[in-house]
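Okay, structure first, notes after.
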Amino acid sequence: MANTNNQKEAAKSCMATCRSIRTSPRKLNLVAQTIRGLSAEKAVAELTFSKRRVAKVALQLLKSAIANAENNHNLNIDKLFVTEAYVGKGLVMKRMHARARGRGARILKPFSSMTVVVTERGE
C-alpha cells in the first residue's frame, strides 16, 4: 500500500538537470538555497531579480523543470513548488599563473551541476 502512494507522489514530480555550469558549487548552492521550498512562481521572481551572475543559469533550469512538468507530465503550473534544488561538484580545470623567480601558481577553475525538482502540491 505504501509503495503505491510513493509511486503516485513520484508521478507528480518532475526534474531538470544542468551539468558543467562554470561556477563553484559553493556559489551555486547559495542560489539553490534561495529557491528551495518556494512555489514555482515565487522562485522565478526570486531568480529574476537576483544580483548573482549564476542566477540566470538557475532561472533557465527552473523554467526547464516547469516546462517538463507541464508538457511531459500534464501537471498544473499554478500548483508547482520547488521540492529539491541541489548542487553537485563537477570537473576542475587546472591552469598555471606565472609568479616570481620562475615559479608557478595553480589556478583552479571549478565546474558544478545543479538539479531542480518541482512537485505538484495536492490540495
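Looking across Ala10, Ala45, one residue alone is over 12 Å from the mean Cα position of the chain (by Cα), of a type in the set (A, V, I, L, M) and modelled with pLDDT under 95. It is Ala10.
Among the residues of region 21-38, those identified as among the polar types (S, T, N, Q) and either at pLDDT below 95 or within 12 Å of the chain's Cα centre (by Cα) (or both) are Asn29, Gln33, Thr34.
Which residues, counting only those in region 16-29, are under 12 Å from Arg53 (Cα atoms) and either open to solvent by 40 Å² or more (accessible area, probe 1.4 Å) or assigned to a helix (DSSP H, G or I) (or both)? Correct list: Arg22, Lys27, Leu28. Annotation for region 85-100: no member residue is open to solvent by less than 50 Å² (accessible area, probe 1.4 Å), part of a helix (DSSP H, G or I), among the hydrophobic types (A, V, I, L, M, F, W, C) and under 20 Å from Met15 (Cα atoms). Being under 28 Å from Arg26 (Cα atoms), open to solvent by less than 80 Å² (accessible area, probe 1.4 Å) and assigned to a strand (DSSP E or B) is a property that Ile107 has. Selection of region 47-62 for residues being assigned to a helix (DSSP H, G or I) and farther than 16 Å from Val87 by Cβ yields only Thr48.
The values are calculated or read from the model by the stated rules, or taken from the named source; none is laboratory data. Since this is a predicted model, take the numbers as computed values, not measurements. Heads up, the Cβs are rebuilt from the backbone with ideal geometry, glycines too, and the neighbour counts pull from every protein chain shown. Calculation scope for accessible area: heavy atoms of the full protein, side chains included, ligands and nucleic acids excluded. Shrake-Rupley method; radii C 1.70, N 1.55, O 1.52, S 1.80 Å.
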